[in-house]
Structure formats: structure tokens, C-alpha cells
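First the structure, in the form of C-alpha cells, and then the observations on it.
No value in this document is a laboratory result; all are computed from the given coordinates. What you are looking at is a predicted structure, and each value in this text was computed from that prediction instead of being measured. Cβ coordinates were reconstructed from backbone atoms using ideal geometry, including for glycine residues, and neighbour counts include every protein chain displayed.
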Amino acid sequence: MPEIVADLLSDTLTRPTAAMREAMARAEVGDDVFGEDPTVRALEERVAGMLGHEAGLFTPTGSMANQLGLRLHVVPGREMLADQLAHVVRAELGAAAAFSGITSRTWPSEQGRLVASGPLSLVTTGVGPYQVETALVVVENTHNFGGGTVQPLGAIREVRAGTRALGVAMHLDGARLWNAHVATGVPLAEYGAEFDTVSVCLSKGLGAPVGSVLVGSAEAMAEARVWRKRYGGGMRQVGVLAAAGLHALDHHVERLADDHARARRFAQACADVAPAVVDPTAVETNIIVLDVAAAGVSARDFVAALLDRGVRAYAIGPGAVRLVWHLDVDDAGTDAAVTAATAVLSG
Ligand SMILES: *Cc1c(COP(=O)(O)O)cnc(C)c1O
């Protein structure tokens, strides 16, 4: 196998930087199950504050943060609504049903983009013992499988206005909310204000080795803390991990703009040789989905040809390939990806 010069498989691949490792080594720690890890508490308070919520809860994964959030709002036998490409319905292996007895319905979307009529046309309440009652709407921002799509604040607010009166809660899967914030300049707390709970990942483009945070009311987080322990997610001296998250918040948020610029440059270069595979003006953040089928190439062949040239990408469908920019892909790596992709597309 050739040496990998640009690994665009996922932004989960980032390795902790030397400075991050130093911050981890210096971290003060304690037993977090007893609430005695000062670094974990500092991270939870900081993220809650950034999102305008009362309290936070550190979790090992984004899936656990989402699943704790979902179960806070939905009792067994009720339903959550999400879009058809959402991580909570496609990539968490049925956890909402398996752990919490939650049924799901999905609305169709283009590139995962939220249109208020999607969830609002499905919301069902006050139907007695005849139909499933909707308890929760889940929004993903940015949208992963949609291609890094930023959700319009106006649409989010419209859904909030339409569901609040019905007593339907809202959860934000904000694994990449940092990217949406940097791309739009919308303050994190403005997004946070529209949701009852929000999950964010520290282990994607922010570059921490592990960790997510769920935020919400103090009461909700106290309940989530009990369920986290029940799920086997009560951790001990994990201030070393929280320190990586705090370091990422200090040093790796604003630089996400570099990832967005590199992704757009790559998309533009691909569009120059094969206009049908990607619309560079639609690239909003760090994720690109190429419609390689439009250039007469299968996703499998495209991924193999890139790999021969030292570039790793992910086939997300028979004719679609996802590429993700992050902390460990620089301008030289982007150049290598451009050279490889344009060679294959003009093949
Ligand atoms: C990565 C991701 C998560 C969490 O994934 P884990 O692998 O469990 O940390 C949740 N939502 C979205 C949209 C993601 O991309």
C-alpha cells in the first residue's frame, strides 16, 4: 500500500498534538464518578456556558451523549423525528430503540438541510390510544452524511416555534456545531437557545482523542448522569481526557476555517475538470460528498484510484464518495488530493 499523504476518511482520525499531550499530562484529576475531577468539571461548565445551558456532562462518545439526550425526552413507546440521513437513525446502530424503546420516523431531505415543514408535517400529538405520540425532534448541525451542511437558524426557529406549544422537545446533534459556528459566525449560544439538550464532539475536527459533552438543564444533566453510569459510562480520572478537550477549545476552534477553505479549494478543482460531480458553492464546511457516478466512475473505483495515489476517502454509496478535512491535513495534503482526484476525474 502506498504511503498515505492525505487521510480524508474522517475527521475522527486526528491525533493529539504535542501541545495537547502536554496539557493532558499536566491535568489535575480526581474520581469523576464522585464528581471530584476538577478538569472534567471545568470542561462541563465551560461547554454548558458556551451553549447557554445550565450544566454539562462529559461522555466517552458522541453516540452516548446523543442517546442520553434522547432518553431524557422520550418515554418508551413514543417517537422521535429525525431526517432520513441523520446520525441518530443511521449510525448509532438502533440504540434509541434498543436502549430506550423509542420509535422513529424520518423526514426526507436534500443534503440533510432542514426545512421546517419536514418535521412539522410529521409531528403527531393529542391522538390518544390511536397513534404514536411525538415527543422529540432531532436536528443535526452540521449534517454529516448530508455533506457538512449548515442548518439555517430560521428553519430551526420555525420548528421550535411549531413544537414548543405542543410540548415536543428538541435535541441538537451538534457533533460538528463548531464548524457551523465558524462557517456562519452565529454564536454557539444562539444555536443552543433553540434546544432542550445539545451534544457536541471534541474528537472530530477539534482534534481531541476522545470525548463529547451533553448540555441541558441542571435537572436533566443530573438524570443523564445516572443513566451514563447505568450505561457503563461512569469514568474515573478522566481529567486527562477533559484537558485535551479544553486545549482544543482554546486552540482548535477558529482554525476550522482553514479546513473549510481547503475543502472548498478541492471541490473547485474537481468541478473545474468534472462540473457534475460537485457544486463548489454548496461546500459550506469541512465535508464534501462527490457524485462520482456523474463522471462515470464507481465510488469503489474512485476510492481505490485515490488510495493508489496516497489519498484515503470513503465510499458512502455506490456512486458517492465522502472526503473530510481536519487538523492533520494541510495545504500540501490538499494539493496531493487535488492532483489525485483531478487525474481520476479527467481519466
Ligand atoms: C461522529 C458523530 C457522532 C458521534 O459519534 P461517536 O463515534 O459515537 O463519537 C454523532 N453525530 C454525528 C453527526 C457525528 O458525525
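Odds and ends about this structure:
- Taking the longest Cα principal axis of the chain as reference, the axis of helix 153-164 is set at about 30 degrees.
- Taken over the range 27-110, the ratio of Cα radius of gyration to 2.2 N^0.38 Å equals 1.32.
- Value of Rg to Rh for the range 90-136, rounded to two decimals, is 1.01; Kirkwood radius and Rg both from alpha-carbon coordinates.
- Full-stretch length increase - Ala161, Asp301 - with 0.36 nm per residue and alpha-carbon distance subtracted: 45.8 nm
- Environment charge at Thr106 (Cβ cut-off 15 Å; Lys +1, Arg +1, Asp -1, Glu -1): -3
- Dmax and Rg, reported as Rg then Dmax, of the range 31-250 (C-alpha, Å): 16.4, 51
- Take 69-77, 156-164, 174-182 and order them by the average number of nearby Cβ atoms within 10 Å per residue, most first; the result is 174-182, 69-77, 156-164.
- A cut-off of 5 Å between modelled amide H atoms, ignoring neighbours fewer than 5 places along the same chain, links Ser212 with Thr59, Thr61, Leu202.
- Extension gain (nm, one decimal) between Arg230 and Arg105, 0.36 nm per residue minus Cα-Cα: 42.3 nm
- ³J(HN,Hα) computed for each position of the range 14-31 - Karplus, 6.51 cos²θ - 1.76 cosθ + 1.60, integer Hz, glycine/proline x: 3, 9, x, 6, 4, 5, 5, 4, 5, 4, 5, 5, 7, 4, 6, 10, x, 7
- Selected from Phe266, Pro2, Ala294, residue furthest toward positive end of dipole (the chain; charges at beta carbon): Ala294
- Considering only beta bridges that DSSP places wholly inside the chain, some 50 percent are antiparallel.
- Relative protection proxy for 28-39, 281-292, from highest mean packing down: 281-292, 28-39 (other beta-carbon atoms within 10 angstrom).
- Mean-position separation - Cα centroids, the range 110-152 and the range 250-311, in angstrom: 27
- Helix 62-73 axis versus longest C-alpha principal axis of the chain: approximately 40°, rounded to the nearest ten.
- The range 137-252 shape via C-alpha gyration tensor axes, a/c threshold 1.5: oblate
- Put simply, when 183-189, 3-9 are sorted by average Cβ atoms within 10 angstrom per residue, most first, you get 3-9, 183-189.
- For Ser109, the residues whose modelled amide H falls within less than 5 Å of its own, excluding neighbours fewer than 5 places apart on the same chain, are Gln84.
- Dividing the radius of gyration of the alpha carbons in the range 213-320 by their Kirkwood radius gives 1.16 for Rg/Rh.
- Tensor-based shape of the range 135-203 (alpha-carbon gyration tensor, a/c under 1.5 rounded, otherwise prolate or oblate): prolate
- Across the range 31-250, Cα pairs under 8 Å and at least six residues apart give a relative contact order of 30 percent.
- Cα gyration tensor shape of the range 200-271, rounded if a/c is under 1.5, else prolate or oblate by comparing a/b with b/c: prolate
- Across the range 104-160, the fraction of Cα-Cα pairs farther apart than 16 Å, rounded to a whole number, is 46%.
- The phi-based Karplus calculation (6.51 cos²θ - 1.76 cosθ + 1.60; θ = phi - 60°) puts the 3J(HN,Hα) values of the range 77-82 at x, 9, 10, 10, 10, 8 Hz, whole numbers, x for Gly and Pro.
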